[in-house]
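Reading through the structure tokens given below for one structure.
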Amino acid sequence: MELGISSFTYGWNITKNATNDLEVMDEIDLVQKTIDFNLHCLQIGDNLSLHQLTDERKIKLRSALKKHKIRFEIGAKGLTEANLAKYIQLAIFFKSPLLRFVIDDENYIPDFSKIISIIKNQLEDLKSNQITLGIENHDRFKSKELAHIIESIGDHAVGICLDSANSIGAYEQLETVVAYLAEYTVNLHLKDISIRRATHKMGFVVEGALAGQGSINIPWLIDMIRKKGNCKTAILEQWVPLKDGLSMTRAVEIQWAYEGIHYLKKIF
């Protein structure tokens with residue numbers, strides 16, 4: 001597996017603030033971060049939607065990626081027929097070998113038959129362009145259900161983008177997620193979290209943690225996914241808790257990224 005970063009490594013730094021008085025990172029900044037870390041893999045997801053970039057920005061990004069020999073992976077959400085087709089064309093444009101998709105979107109919650117039908121309709125385009133579609137475990141779906149989708153399609157061009165934290169939203173532990181989905185995993189999102197009882201003892205607090213300092217057994221997870229041999233890349237993502245203001249939160253996020261990559265490089 002090759003280690004990389006993502007637009008979700010810097011979720012707060014990508015986000016525009018209401019008053020627009022703070023600078024935000026763009027796609028070229030992310031390329032530079034990749035270079036600074038001496039990495040060769042960058043994934044851009046739906047928090048920096050590639051289809052909204054101007055042609056000029058897309059061409060500039062593609063040139064920068066080619067110049068620095070960076071593997072580029074793209075991502076989107078809302079697995080409609082039109083959106084999948086649109087992002088396959090973007091994957092072709094950027095020569096992206098991986099297209100990661102979150103199925104649901106706001107006001108769009110397709111059933112299993114629709115999901116499978118949409119993917120099958122685009123399967124030949126994926127295969128002919130050597131693009132692997134990675135479906136991300138994301139909140140609504142149980143791991144067993146995601147495995148059913150992959151098995152129903154039955155082609156190596158479609159697999160799982162396994163996120164280490166998202167399945168909390170489906171009330172599943174990571175061990176269960178790995179048991180069902182490790183063999184189908186083509187991309188790994190390494191996101192650490194902390195789970196602690198609230199100070200009033202009435203419930204738990206779940207929030208992001210610096211990689212290696214939270215509740216996720218990252219070395220175990222990497223080892224389990226590596227054993228299956230199908231996962232090409234592992235991406236650091238972060239859920240940095242909101243600090244005293246957006247400016248401070250962004251600064252912490254940048255520091256966490258530095259420390260997180262340093263920690264992960266030791267494992268890789």
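The values are calculated or read from the model by the stated rules, or taken from the named source; none is laboratory data. Note that this is a predicted model, so its numbers are computed, not measured. Ideal geometry is used to build each Cβ from the backbone, glycine not excepted, and the neighbour counts take in all protein chains shown. The protein model used for the area step is the full one, side chains on, heavy atoms only, and it has no ligands, DNA or RNA in it. Shrake-Rupley method; radii C 1.70, N 1.55, O 1.52, S 1.80 Å.
When each of Leu61, Leu79, Leu53 is tested for being in contact (Cβ under 8 Å) with a residue 24 or more places away in the chain and within 18 Å of the chain's Cα centre (by Cα), the lone residue that passes is Leu79.
Contact map, the range 256-268: residues that are under 11 Å from Gln238 (Cβ atoms) and open to solvent by less than 50 Å² (accessible area, probe 1.4 Å) paired with residues that are among the aromatic types (Phe, Trp, Tyr) and part of a helix (DSSP H, G or I), Cβ distance under 9 Å, separation 6+ or inter-chain. No pairs are found. When the residues of the range 32-43 are filtered to those that are touching a strand residue (DSSP E or B) at 6+ places or on another chain (Cβ under 8 Å), over 18 Å from Arg250 (Cα atoms) and free of Cβ contacts under 8 Å to residues at least 40 places away in the same chain, the one that is surrounded by the fewest Cβ atoms within 10 Å (Cβ to Cβ) is His40.
State all residues of the range 44-63 that are among the aliphatic types (A, V, I, L, M) and open to solvent by less than 70 Å² (accessible area, probe 1.4 Å); if no residue qualifies, say none. Within the range 44-63, Ile44, Leu48, Leu50, Leu53, Leu61 meet the criteria.
Just one of the listed residues (Leu221, Leu236, Leu210) is within 19 Å of the chain's Cα centre (by Cα), hydrophobic (A, V, I, L, M, F, W, C) and closer than 20 Å to Glu172 by Cα, namely Leu221. Only residues that are open to solvent by 80 Å² or more (accessible area, probe 1.4 Å), basic (Lys, Arg) and assigned to a loop (DSSP other than H, G, I, E, B) were counted across the range 103-149, and they come to 1. Selection of the range 197-252 for residues being small (Gly, Ala, Ser), outside any loop (DSSP other than H, G, I, E, B) and open to solvent by less than 30 Å² (accessible area, probe 1.4 Å) yields Gly208, Ala234. In the range 75-102, which residue that is farther than 11 Å from Asp125 by Cβ and polar (S, T, N, Q) is least open to solvent (accessible area, probe 1.4 Å)? Filtering first and then ranking leaves Ser96. For Asp163, the requirement of being under 25 Å from Ile44 (Cβ atoms) and surrounded by fewer than 18 Cβ atoms within 10 Å (Cβ to Cβ) is not met.
Residues in the range 172-196 that are charged (D, E, K, R) and at pLDDT below 95: Arg196 alone. Mind checking which residues of the range 168-201 are farther than 21 Å from Ser7 by Cβ and either of a type in the set (Gly, Ala, Ser) or touching a Ser or Thr at 6+ places or on another chain (Cβ under 7 Å) (or both)? If the condition is that a residue be farther than 21 Å from Ser7 by Cβ and either of a type in the set (Gly, Ala, Ser) or touching a Ser or Thr at 6+ places or on another chain (Cβ under 7 Å) (or both), then Ala170, Glu172, Leu174, Thr176, Val177, Ala179, Tyr180, Leu181, Ala182, Ser194, Ile195, Ala198 are the ones that fit. The set of residues from the range 64-74 being open to solvent by 10 Å² or more (accessible area, probe 1.4 Å) and within 18 Å of the chain's Cα centre (by Cα) comprises Ile70, Arg71.
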